[in-house]
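The structure under discussion appears below in the form of structure tokens.
Read-outs: derived from the displayed coordinates by stated rules, not from any lab. Keep in mind it's a predicted model, so treat the numbers as computed, not measured. Using ideal geometry, Cβ is built from the backbone for each residue, glycine included, and neighbour counts are taken over all protein chains shown.
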């Protein structure tokens with residue numbers, strides 16, 4: 001038939017549709033993997049601060065602040081959206 005387009009078939013459940021979206025599959029990451037990567041980065045920054053002779057108490061303060069930022073951003077990046085009812 002000329003001029004007639006076929007609609008794409010999709011699953012009936014909104015929950016099933018949300019798991020099939022390419023964007024969600026690309027951004028899904030576990031908190032553990034995020035925490036390991038952040039710990040490696042934090043270790044490198046601490047070592048670099050030590051090499052440039054920053055006092056140890058300031059290294060500890062910076063590490064504690066960055067650890068808090070890492071936890072907050074890790075939870076934000078890895079949390080799953082609540083299903084719509």
Exercise for review: Compare the peptides 47-55, 69-77 by average per-residue count of other Cβ atoms within 10 angstrom and give them in order, highest first.
Suggested key: 69-77, 47-55
Practice item. Can you quote the Å³ per residue value for the convex hull of the Cα atoms in segment 29-78, rounded to an integer? Key: 52
Exercise for review: May I ask you to compute the full-extension gain from residue 50 to residue 69, defined as 0.36 nm times their residue separation minus their alpha-carbon distance, rounded to one decimal in nm?
Suggested key: 4.8 nm
